[in-house]
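Read through the structure below, which is laid out as structure tokens, and then see the notes.
The values are calculated or read from the model by the stated rules, or taken from the named source; none is laboratory data. Remember, predicted model here, so these are calculated numbers, not experimental data. FYI the Cβ positions are ideal-geometry reconstructions off the backbone, even for glycines, and counts take in every protein chain you see. Surface areas here come from the heavy atoms of the whole protein model, side chains and all, with no ligands, DNA or RNA. Shrake-Rupley method; radii C 1.70, N 1.55, O 1.52, S 1.80 Å.
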Amino acid sequence: MTAAHDAPDILSPQFAEDPYPTYRVLRESAPLVWHEATQSFLVSRYEDVARVFKDKESRFTTDNYAWQAEPVHGKTILQMSGREHATRRALVAPAFRGGELREKVVPIIDRNARELIDAFRGAGTVDLVSAFASRFPISVIGDMFGLDRSGQERIAGWYRAFVAFTGNLSGEPECAAAGARAQEAFAAYMLPVIRDRRERPGDDLLSGLCAARVDGVAMSDEDIKAFCSLLLTAGAETTDKAVAALFANLLADPHQLAAVRQDRALIDRAFAETLRFSPPVHMIMRQAATDVPMSGGTIPAGATVTCLIGAANRDAGRYADPDRFDIFRADLTTTTAFSAAADHLAFALGRHFCVGALLAKAEVEIATNQLLDAMPDLRPAAGYDPAEQGVFTRGPRSLVVEFAPTPG
């Protein structure tokens, strides 16, 4: 096992400003390194991260979520394994695929995108992050659950506290305390809604979860609350940052932007390449159940493993010219990019592959189509700064653009 003395620490300001030079050093000279501050082993090469995610021999578990996520969400399917995981996943998965996604969720996505865009389509300028990307997935998930619109601002605050708690790698006490406060407030808000929905079900995801049975197993109120909390965190944060990153990447290359504008079938390619090139989630943790040999050494049983997705997705051993955003690259398969057979690692792989991947795909497709329609001649405006922020999750802090105004 080697050390990475020449690279900024993953908790340093230099890393937060630009993690990719550090990722390169780790991949090339320290593919397995002990990180004292997070008490975990950092794994950075594509083949190693993919091995951890696709593990079929129970060498890696998700027990880390007991301390990383359970304090704010409760026990979720992230922590479960075996029959328990399969049963709970089967309860929630139908809402995120196939006919139910097309018939119930797509109209919600379409309506929410249109409402947000209508507010600025005539202005000729907008910050795509604050006016659209940061608000869009929260409103979609709130409507999927059938929640009152008046509660969405509070929900947005709670979800940001959950995200911060999950990514609190340095263990800042105030961040942990804010997560605990948000958990209490969210439970106080959601549990009465869940109880009411059991008595007076509607045609929404929350009612469906209340009524769902798989092999006679139903979800408890706490189970449903935990899933809602998890979806807000995992679903909103990733879609928020994915939409912003996709537009930042296209604006950096006018030729690729023009290609996508002309041929909307390329949106899937642009999204898949965005997930590889600038993934919303840069790190996912696992626990080693046994000693596991990896590039650069052996991970001991019981150790926490931090899989550096942002590093693995730019591994030159897997992708040609990996630091170049290219929607036409031949080594990324678009047809499998939103399934457990994906080439990129942004949604993880294997049995814990992101259950909401197709929901994210639908959101990004619809949002991108509508934004391109509403913003002819899209270009950076004065003050445009696509610099990314975040460590555990990462995306542009602002995207101020100009465009030819369009009627509603």
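Observations on the structure shown:
Here's the yes/no breakdown for (1) of a type in the set (A, V, I, L, M); (2) under 19 Å from the mean Cα position of the chain (by Cα):
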{"residue": "Val49", "(1), (2)": "yes, yes"}
{"residue": "Val52", "(1), (2)": "yes, yes"}
{"residue": "Ser58", "(1), (2)": "no, no"}
{"residue": "Asn64", "(1), (2)": "no, yes"}
{"residue": "Arg114", "(1), (2)": "no, no"}
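Here is a yes/no grid of residues against (1) over 12 Å from the mean Cα position of the chain (by Cα); (2) more than 19 Å from Arg394 (Cβ to Cβ); (3) among the acidic types (Asp, Glu); (4) part of a loop (DSSP other than H, G, I, E, B):
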{"residue": "Asp321", "(1), (2), (3), (4)": "yes, yes, yes, yes"}
{"residue": "Ile327", "(1), (2), (3), (4)": "yes, yes, no, yes"}
{"residue": "Leu332", "(1), (2), (3), (4)": "yes, yes, no, yes"}
{"residue": "His344", "(1), (2), (3), (4)": "yes, no, no, yes"}
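Conditions tested, residue by residue: (1) part of a helix (DSSP H, G or I); (2) without any contact (Cβ under 8 Å) to a residue 60 or more places away in the chain; (3) closer than 20 Å to Ala242 by Cα.
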{"residue": "Val129", "(1), (2), (3)": "yes, no, yes"}
{"residue": "Phe132", "(1), (2), (3)": "yes, no, yes"}
{"residue": "Ser139", "(1), (2), (3)": "yes, yes, yes"}
{"residue": "Phe165", "(1), (2), (3)": "yes, no, no"}
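- Verdict on Ala337 being on the phi < 0 side of the Ramachandran plot and out of contact with any helix residue (DSSP H, G or I) (no Cβ under 8 Å at 6 or more places or on another chain): no
- Matching residues in the range 150-176 - criterion: being buried (at least 20 other Cβ atoms within 10 Å of the Cβ) and within 30 Å of Arg200 (Cβ to Cβ): Ile155, Trp158, Tyr159, Ala161, Phe162
- Here the range 294-331 is the region considered, the condition is being among the hydrophobic types (A, V, I, L, M, F, W, C) and surrounded by fewer than 22 Cβ atoms within 10 Å (Cβ to Cβ), and the residue that is nearest to Arg59 (Cα to Cα) is Ala301.
- Test: residue in the range 18-36 that is within 21 Å of Gly350 (Cβ to Cβ), in contact with a strand residue (DSSP E or B) (Cβ under 9 Å, 6 or more places away or on another chain) and modelled with pLDDT of 95 or more: yes
- Residues of the range 21-42 that are charged (D, E, K, R) and open to solvent by less than 30 Å² (accessible area, probe 1.4 Å): Arg27 alone.
- Total residues in the range 87-107, condition modelled with pLDDT under 70 and either open to solvent by less than 10 Å² (accessible area, probe 1.4 Å) or among the aromatic types (Phe, Trp, Tyr) (or both): 1
- Selected residue (only one of Ala367, Ala348, Ala311 is out of contact with any Gly (no Cβ under 9 Å at 6 or more places or on another chain), under 26 Å from Ser44 (Cβ atoms) and modelled with pLDDT of 95 or more): Ala311
- Ala301 satisfies every condition listed in (1) among the aliphatic types (A, V, I, L, M); (2) out of contact with any helix residue (DSSP H, G or I) (no Cβ under 6 Å at 6 or more places or on another chain); (3) under 19 Å from Ala348 (Cα atoms) except (3).
- Any hit, the range 168-187, residues being over 23 Å from the mean Cα position of the chain (by Cα) and within 12 Å of Cys228 (Cβ to Cβ): no
- From Ala180, Ala188, Ala236, residue being aliphatic (A, V, I, L, M), under 30 Å from Gly390 (Cβ atoms), surrounded by fewer than 20 Cβ atoms within 10 Å (Cβ to Cβ) and in contact with a helix residue (DSSP H, G or I) (Cβ under 8 Å, 6 or more places away or on another chain): Ala180
- Which numbered condition Leu147 misses (of (1) open to solvent by less than 40 Å² (accessible area, probe 1.4 Å); (2) in a helix (DSSP H, G or I)): (2)
- Those residues of the range 267-296 which are within 22 Å of Ala316 (Cβ to Cβ), over 14 Å from the mean Cα position of the chain (by Cα) and in a strand (DSSP E or B), in sequence order: Met294
- Elements of type helices (runs of 4 or more DSSP H) in the range 21-125, at least 2 residues being free of Cβ contacts under 8 Å to residues at least 24 places away in the same chain and not hydroxyl-bearing (Ser, Thr, Tyr): 65-68, 82-92, 106-118
- Residue within the range 373-386 that is farther than 30 Å from Phe227 by Cα, modelled with pLDDT of 90 or more, part of a helix (DSSP H, G or I) and open to solvent by less than 40 Å² (accessible area, probe 1.4 Å) present: yes
- From Asp263, Asp253, Asp203, residue being modelled with pLDDT of 85 or more and farther than 24 Å from Phe328 by Cα: Asp203
- Index of the failed condition, Arg197 passing every other in (1) at pLDDT below 85; (2) in a helix (DSSP H, G or I): (1)
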